[in-house]
Structures are given as structure tokens and as C-alpha cells.
């Protein structure tokens, strides 16, 4: 199984449920990784692949909802909750906190697999976006401090002359910085650079009055 | 309810003892006749000390005005039993001076330790004869029967003392006469001497004689004046028994003339049935010279024979020869009648009280009890019919609950009477009884035609009161006039019935509460069980279903994954069996629905429940530790109930630790056999502990957001049904230990 094969993590304290889910997941050609507790899952070094987490609501060592809160901080795969006796308040909380689905045991395989696929697709997109952002950040680190200073003026649409006046330097110097920025950030056009800055969270400089 | 027959037997025994004591008291005057007041009081104090097992009984007699009172005391065995009467009197000063209506009081025991319950009883009208103070260290002193005995004793003593006082008065009068006669005799002798000495001087002598006779007549006249002024029937007789004088009061009483009563004429006023006895007694005294006393029916001129007592003492000359008899006659009739009536009423009162107590003790329904009470009133208190109404829940209506005698139906015109309307409704509203012996002319009675037709002459209605609350009305009609005694008996019966109804109502409320509790217990327990069961079954069931689906997918794959499908199928079989096992266990848990009493091993019960709760405990990160002593003696009980008990206590302990984050969540269960007769189980958690270890057993007490707070109330009712004990103890922030004991099979 190659590393890009989607992986389904299962966290359930009941070994029977773990085994059954593992079997079902494998039968549709997905990779399953099962854990008896949240702690085991958190310790596990996760492969770099689109993933999904099937989480039992009632877990030893903290409820599934607590784990969900904890995972929201980091790079978590989308969560599908399963429960022995789900109550409405917990399911509402779970879904609000971003769970894909909330299923009561015993569950229908179609429903579970549909939820797993949705989750994996979501994760794939998220992973895509995350890797793009990581690439942009890498490029941004290549800029010199002066270039980082110039960037907001460029994406705000300032002419080199205006920027030079603001930063107290020559129009030619700004032109050089601008060329370097476009090259280092691998931007094909100003519009592309503006989108990149937006994704990096760099606000355009305000126009002085 | 189980102890009731013993209480009734005890009460009957108490009443029997009371009647015996009363009879003894009634016999006392016979012992006292002719006795001194001090003697009378001594025997009375001894009798009371013994009958009522008193610790102290004190008497003070105001013998005669101006003289120091006579004080006497009797003590039970006590460390300071040498105490003198006047010392005790000093201690009791405040009781003696207090209003006797405010008794009984409590005071420090002057002859021992602790407090003394005090009951003062006045002797004579308004205590003019004296006072008796009875004291006991018993807190319940004086009980109802003891009060009765004390009252009767005080009455008896008053009569006895008044008799003694009369007797001493008679003696005083007799000795006064004696003195005057002696004086007269001496004077005569002196006159005779004078006569003999001065025989020569005839004239002088005659004069002397005349003057002496003059003196004699004056003396005779003043004696006569005295005997006619004393408000007593007095008489005198010759030494041979011939009556020679009766005072005017005696003549007025009998309607006989002075001539008619002379000699044996007085006997014509004695009832023919008593004549022989009276004659015998009189001639006996005349022969022996001993004081005469006799009770006989004596004819009072206007209205016939009445019981009287006659006493006579002889006057003797210096040689001891009887010269004359002086006697009194006292009309005892009213007193004797009162005694008889009192006795009869007391007997009837005791009978009605016994009936009422028995009815409340033995019957279940209030209707049956009240019916019994009404029948007793008809039987013992001369009622033509007796009825009782109780107040409806909204306190607006009086509802007829029982009727005995002439009418026994409960439906009809009088079955519901608005409070405040008609005589019955007014009795309830005004909380005042109505008594009348003149129905026909009493404005309060409306059904006069009916009363006349039925020959009813009297009506009595009493409110049934507990404190200031009206519970109902008791009423009776009678064809005979009501006596004070009947009224008193009715009043005390009304009181007894009111308190009986009150107790019955409280029992009813308690039972309703218990029923509600047991219903809630079923709901609550079923709810908690259901959640646990759902989880226990859903886990393996989820595995079975998922494995089945995986299996199908492996089989449908191209090429089919036979080996993987087989693995899944094997897991299906395994988990299916496990599910069946869970179901079997649960069925076993619910199998005995009826309460059963079988021999049980407490450890097994704990094991069964732990199996069901282990998942729950694990999920809540609770470590379970057991310390079960093997080979416990079996207990007898209902398996399901005891499982519910342990289930509730364990679940409670697990939930109590939900908020614990700073220390391990530890649940310990241990079983012990601390004695031959008892099994002890302790369930300890490391939760936050309890503020009110007793209050938690109340229904609807809860510290949890969810749940009805029924769990522990249920536990308590289960443990009570098994004659065990359940309690909770809580250290500060160190968790809670629930302990229960169960008796070992006898």
C-alpha cells in the first residue's frame, strides 16, 4: 500500500468494534489504523496521506468530544463519530465542532463508508491547501527584510515612484525589489502575487493621504 | 402496624390495673372511718406511692384555721430518704403556691437525681382541706390513668378527711357537753354540801337551792342553744339506749315531732330493709359502750329515703359508767350517688376507650374503625344513635363516615353537611360542643317533629379537634337525659377518635408516599438499567453487523477475498455468541419479577452487577477494586432487588467521581462478615464527598443535573425490606463510603 493511499483511523475501546471496522475498511480498499484509546492515537506517527478518524463518543481516558476539541488545534483528519447510545445534545455538539457525521451503533455500512469518503475527500482538499500554503511560506522566507517591506505596497497597487517616496528611497531601487519579489515568489503576474499575499495573510499597505 | 396487638394488650393491662387501683381507693374510706386525719393521709400516701410507683408523695393538711398545717411525706427508695416533711414542703413551696391548673410541672428532684414530674391535687373544695403533691422521675408522669387515680384518691381523701373533721367536731361537742355537765354536777354537789352544812338555816338554804336550780336551768338552756345552732343532726340517748333528745334539724329532716322520735321512735324513719341492722348495731354499742357507727337509709320528709351515717359516743361518769350517748346523723346520699355515678361513668368511659383503642389498633379502614367506635357509644353511653363526620379535603364539607344505632345508612340528607351550617356544621366551625337535655325547646335543634315522634330527649355534639384543627364532628341523640358523666365520656371519646383519625391520616399519607416512591423506583431503575443494557448489547451488535457487511464485500469483490470473508464470518459468530451471553445475563437479572426470598451469596450479587457496570466504569476512567471475603454466610432476600441496590450504589459512586480530575477515580467494594449475624458491604469512591450524609436518602434529593434523585431512596427502601441498614459517611473531600448490612439467614 503506497503512502498516498487514504488511511482511516479508528479509536474505539471495544476490540470487537475495532476489528469489525478494520475488516470493513479494508474490504473497500482503504487502509485502517485502529486504537483502543485517544492517547494511543495521539502518540501514533501518522502517515502523510489523506485520512479520516472514526471516533467512539464514549472513550476511556476522556470522551471523544474532548479529544475532538484537542485535535481541532492541530492538523486533524475530519471526524466521524460513532456511539453506543447517542444522545441529541452530544451529537449536536459534535457536528457543530466540525464532525462529518454522527452514527449510532449498529450502523449501516453504506452510511459509514459514504461518511468516510466525504471525510477523506475533505481531507484531501485540506491537505492540498495546506501544502500550497506551506510552499508559499517557504518562498516568502526567501525575501529579504527590505523586500518584505516593499511587498504590501506592491500588492496595494502603488506605483514604484509613490513607494519610493514613502520608504525614502529611489524609484529604481524599488523597481529592483519588485523584480526580486516576483521572481522569488514565483508569481506570473501582479494579480497572482496579490492572491499569494492574501493567502499568506499580508494586508496591502494603506494609501497615505 | 406489627406491634399494635402488643400495644393493645399493654393498654388493656394498664386499664385493668387502673380499675383495680380505683377499687382499692374506693375501699379506703371504710378503713378510715373513725380514724384521725393524719392516719387517713398516711394510708393514702402509702397507697399512692405503691400504686403509681411514685418517687415522692407529699401532703399538707390545713387542719384548722390559724394552726400550722400538718405536713407528711412518703418517699420511694432514694439516697436522701431521710428528708423531713417540712423540708420537702419548703422545696415544694412554689408548687404549693402556684395555680394547680398549671400542673403538672417539672422541678429538680429534691430527694434524688434528675427532674421530678409533679402533679398537685387539691383536697376539698378549692383546696380548703389541703393538697397532695405526687412526683415521679418518669418523664411520662402523670399518664391519663394516673391522673384519674390521683383525682379519685384526692376525692376519697377529701371525703374521708371531712368525715374525720366531722367526727372530731362531734367529739369536741361531746367533750364540751361533758365538761359542762361535769361542771354542773360539781355545782350541784357543792350546792348539796351547802344544803347539808346549813340545814339549820332553812330559809337561807332554800334560797341557796333555788339559786342553784336557776343556774342549772341556765346551763341546760345554753347547751340546748348550742345543739340547736350546730348545722348538724344531733341526738342524745339514755344510758340504756332510749333516745331522749333530737335537735330541731333532725326533726325537720324526718318530719317527726319531738315526741315521735323519742325512745325507739326514730327507727320509724329508718328504711325497713336497714332497720334490723341499725337496731342491732345500736343495741350492740349500748351493751358494749363502744362508739356507734351505722349507715342506713333515713327518710327525709319531702322526698323519701336517703343514705345517712350516724355516729354516737358515750358520755361516762368518773367511774367509767355510761351516763348518756351523744350522736350525729350525716346525710351521705348525694356523696354516695355521686360515687356510684362516678364509678359507673368511669367503667363506661374505660369500656368506650378500650373499644375505640381496639378499633384503631385492629381495623384497617377508617370507616370500619369509626363504625366500631359509634357502636361502642351506642352500647355504653345510652345513645339512640351515634354518628361521626370527617372534614373533606377542601375543609368545606363534613362527610358522614359512620352511623350506629337507630340509623346506620351513610347516604341521605345528613351525608354531607357544609361547615358552618346546621348544628353539626356549626359545631365544626365554632369548635364548641353542644349539649342539650331539652331538644324540644332548644333553638339549636331543627328536627323537632322528628325528635318528638322518636322520643328523643337529648343531643350531644362534639368537634373532633387536634390542637386547633377540626377533623370532624361526633354527635349522638338519646332518649335518656345526658348526665355530666356521659358528657365527659363523650368528650374524651371525641378526643381519642380525633387523635386516632389524625394518626390514621398520617399513616395513609406515609403509605401513599411509599407507593409513589416504589413506582418511581421502578421507573428510575428501569431507565438506568435500560441505558446500561442498550450499551452492552449495541457494542457486540455493532461489531456483528459491521463484520457481516465486510464479509459480504469481500465475497462480492473481484476476485473474492475468501480468507478475509472467512475472518469476518468468524468474528460474526464470536460476537453473536457474546451478544447472546449479554442477553442471557440480563434476562437472568430480570427473571424473578415477583419478590422472592431465597438464599443468596452477597459476593455473587456484587459480581453480577460489576459485570454489567464494568464497561461504564472503564469509560469513565474509574478503577474498580474489589475485596470480597470468600465463604460469606448466605443472606435471604430477593436477588433482583439486591442487584438493584448494588447497581444503584455502584452507579452512584461512579457518577460521583465524574468531576474528579486531580486524583485517581477509585471505586472500592468490599464485603465482610463482622459478626455471626451480619454481612457488611462497603462501597467507597474518591468523589467530592457529601454535605448531608443522611439527607441523601430522601426521595428527590439529588446533586446531579440529570436523574430524579430516586436512586438512594430506593436503596433505602430495599434495604429496609431486607431488615438491613444503609448509611453513608463522608470524609472531608475524601470521597464517600456507602455501607449496608444484611442479616445472615437465621
* What residue, of A:13, A:4, is away from chain B (no Cβ under 11 Å), at pLDDT below 85 and either in contact with a strand residue (DSSP E or B) (Cβ under 8 Å, 6 or more places away or on another chain) or over 25 Å from residue B:541 (Cα atoms) (or both)? -> A:4
* Asked: If you check B:672, B:665, which single one turns out to be under 27 Å from residue B:539 (Cα atoms) and either within 14 Å of chain A (Cβ to nearest Cβ) or surrounded by 15 or more Cβ atoms within 10 Å (Cβ to Cβ) (or both)?
  -> B:665
* Asked: Counting only residues that are touching a residue at least 60 places away in the same chain (Cβ under 8 Å) and part of a helix (DSSP H, G or I), which one in region B:41-56 is surrounded by the fewest Cβ atoms within 10 Å (Cβ to Cβ)?
  -> B:51
* To do: Tell me, please, whether a residue that is modelled with pLDDT under 80, farther than 23 Å from residue B:110 by Cβ and not in a helix (DSSP H, G or I) can be found in region B:66-77.
  => yes
* Structure fact -> Checked region A:135-182 for anything assigned to a helix (DSSP H, G or I), farther than 22 Å from residue A:201 by Cβ and out of contact with any helix residue (DSSP H, G or I) (no Cβ under 9 Å at 6 or more places or on another chain); matches are A:176, A:179
* Asked: Taking region B:377-394, which residues are in contact with a helix residue (DSSP H, G or I) (Cβ under 9 Å, 6 or more places away or on another chain) and without any contact (Cβ under 8 Å) to a residue 60 or more places away in the chain?
  -> B:379
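Being more than 21 Å from the chain's Cα centre (by Cα), modelled with pLDDT under 80 and on the phi < 0 side of the Ramachandran plot is the requirement here; does residue B:451 meet it?
Working: more than 21 Å from the chain's Cα centre (by Cα): yes; modelled with pLDDT under 80: no; on the phi < 0 side of the Ramachandran plot: yes.
It is false that residue B:451 is more than 21 Å from the chain's Cα centre (by Cα), modelled with pLDDT under 80 and on the phi < 0 side of the Ramachandran plot.
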* **Of residues in region B:471-492 being modelled with pLDDT of 90 or more and crowded, with 20+ Cβ neighbours inside 10 Å, the one farthest from residue B:376 (Cα to Cα)** => B:471
* To do: Give region B:652-664 a look and list any residue that's in contact with a helix residue (DSSP H, G or I) (Cβ under 8 Å, 6 or more places away or on another chain) and modelled with pLDDT under 85, or say none.
  => B:652
* Structure fact -> Within region B:416-456, the residues that are in contact with a helix residue (DSSP H, G or I) (Cβ under 6 Å, 6 or more places away or on another chain), crowded, with 18+ Cβ neighbours inside 10 Å and either more than 18 Å from residue B:471 (Cβ to Cβ) or not assigned by TED's automatic domain parsing to the domain that holds residue B:472 (or both) are B:439, B:445, B:451, B:456
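Could you tell me how many of the residues in region A:45-64 are at pLDDT 75 or above and crowded, with 18+ Cβ neighbours inside 10 Å? Even if it seems obvious, please write down each step before you answer.
Taking region A:45-64 and keeping what is at pLDDT 75 or above, we get A:45-57.
With crowded, with 18+ Cβ neighbours inside 10 Å added as a condition, the list becomes A:49-57.
The number of residues fulfilling the criteria is 9.
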* Asked: If you go through region A:65-77 one residue at a time, do you hit one that is modelled with pLDDT of 85 or more and over 18 Å from the mean Cα position of the chain (by Cα)?
  -> no
* Say whether the condition of being assigned to a helix (DSSP H, G or I), under 43 Å from the mean Cα position of the chain (by Cα) and modelled with pLDDT under 85 is met by at least one residue in region B:627-641. => yes
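Are any of the residues in region B:533-547 away from chain A (no Cβ under 12 Å), modelled with pLDDT of 80 or more and in contact with a strand residue (DSSP E or B) (Cβ under 9 Å, 6 or more places away or on another chain)?
From region B:533-547, those away from chain A (no Cβ under 12 Å) are none; that's our starting set.
So far as region B:533-547 goes, no, none of its residues is away from chain A (no Cβ under 12 Å), modelled with pLDDT of 80 or more and in contact with a strand residue (DSSP E or B) (Cβ under 9 Å, 6 or more places away or on another chain).
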* Asked: Consider residue A:159 against the criteria (1) exposed (fewer than 14 other Cβ atoms within 10 Å of the Cβ); (2) within 30 Å of residue A:78 (Cα to Cα): it satisfies all of them except one. Which criterion is unmet?
  -> (2)
* Asked: Could we say that residue A:20 is more than 11 Å from every other protein chain (Cβ to nearest Cβ) and touching a helix residue (DSSP H, G or I) at 6+ places or on another chain (Cβ under 7 Å) here?
  -> no
* Does region A:104-116 include one or more residues that are more than 14 Å from chain B (Cβ to nearest Cβ), in contact with a helix residue (DSSP H, G or I) (Cβ under 7 Å, 6 or more places away or on another chain) and either part of a loop (DSSP other than H, G, I, E, B) or modelled with pLDDT under 90 (or both)? -> no
* Asked: If we scan region A:88-99, do we find a residue that is farther than 19 Å from residue A:125 by Cβ, at pLDDT below 70 and not in a helix (DSSP H, G or I)?
  -> no
* What is the number of the single condition among (1) under 41 Å from the mean Cα position of the chain (by Cα); (2) modelled with pLDDT under 75 that residue B:718 does not meet? -> (2)
* Asked: Exactly one of (1) within 11 Å of another protein chain (Cβ to nearest Cβ); (2) out of contact with any strand residue (DSSP E or B) (no Cβ under 9 Å at 6 or more places or on another chain); (3) modelled with pLDDT under 85 is unmet by residue A:29. Its number?
  -> (3)
* To do: Tell me, please, whether a residue that is surrounded by 13 or more Cβ atoms within 10 Å (Cβ to Cβ), under 25 Å from residue B:336 (Cβ atoms) and out of contact with any helix residue (DSSP H, G or I) (no Cβ under 7 Å at 6 or more places or on another chain) can be found in region B:234-248.
  => no
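The values are calculated or read from the model by the stated rules, or taken from the named source; none is laboratory data. Remember, predicted model here, so these are calculated numbers, not experimental data. Neighbour counts are summed over all protein chains in view; Cβ atoms, including those assigned to glycine, are modelled from backbone coordinates with ideal geometry.
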